[in-house]
């Protein structure tokens, strides 16, 4: 008489424990993740601008509300969104959703930027300068200062250049355009021909941030700086 044992019955107690753990792990992997409609970190929102706009159509004019909202998590993350709707509540909701969707992250070192930035929107420029950690006051407009606080940037100053009409929509878009040019410290050190330990001492040297250009600060190439003999490997 032949008796056929199943695979589970032929297992030793240690193999059964391992098999149960394997089944639990496979269930966790195959289980779908819950859909989260809101970010897991706390966000701070700022209503940068709100106004009434009108669209001229054949039958007359259509009035709607337009607003710009900026969000930040205080750890280098931030974003902005613009919403337009007939109802002010729906315009605010749409702008907030766009701001959370288009968030970016800026690498910070002790709440400082690694290098100076410049952003452009139409004919308006926003120049962001890094400042030493000993500096407490921020020399910038109240709107940019609030955005810095929400993103966790404490030691920086900003200057708005260009358009006489300081449209808050253009200011916000130019500021985040400058954040898009922010490079990680490793990439910046490679482009400037510096070592990582030299970045802190060489960050506030004016010759490394001029001349400004609409596409961001232009630094001299590493080969040219090594050829002059000012820096050594």
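Since every read-out is calculated from the coordinates, none of them should be taken as a lab result. In this text the structure is predicted, and so the values were computed from the model without any measurement. So basically every Cβ, Gly included, is an ideal-geometry build from the backbone, and we count neighbours across all protein chains shown.
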## Note on the structure
Proxy exposure order for 187, 182, 115 (fewest C-beta within 10 Å first) is 187, 182, 115
## Note on the structure
Cα-based Rg and Dmax for the stretch 67-144, in Å, come out at 15.1, 47
### Message
Test of understanding: extend the Cα→C-beta vector of residue 167 to 7 Å, then name every residue of the stretch 48-78 with backbone N under 18 Å from that spot.
### Response
48-56, 64-70
#### Entry: Cβ crowding within 10 Å averaged over residues, with 64-77, 45-58 ranked highest first
64-77, 45-58
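Calculate the translational D of the stretch 44-104 in whole µm² s⁻¹ from Stokes-Einstein, where the hydrodynamic radius comes from the Kirkwood formula applied to all Cα pairs, the temperature is 4 °C and the viscosity 1.567 mPa s. Kindly include the intermediate steps, with their values, before the conclusion.
Values: Rh = 12.0 Å.
The Stokes-Einstein estimate is 108 µm²/s.
I need to check one value: relative contact order of the stretch 44-104, counting alpha carbon pairs closer than 8 Å and at least 6 residues apart, in percent.
Values: 138 pairs, mean separation 17.5, N = 61.
The value is 29 percent.
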#### Entry: Net length gained if the chain between residue 159 and residue 86 were fully extended (0.36 nm per residue, minus Cα distance)
22.8 nm
### Task
Please give the peptides 140-147, 87-94, 151-158 ranked by average Cβ packing (other Cβ atoms within 10 Å per residue), highest first, as a rough proxy for protection.
151-158, 140-147, 87-94
### Query
Say each of residue 16 and residue 53 gets a label point 7 Å from the Cα, pointing the same way as Cα to Cβ; how far apart are those two points in nm?
6.9
### Query
With each label point set 7 Å from Cα along the Cα-Cβ vector, what nm distance links residue 149 and residue 61?
3.6
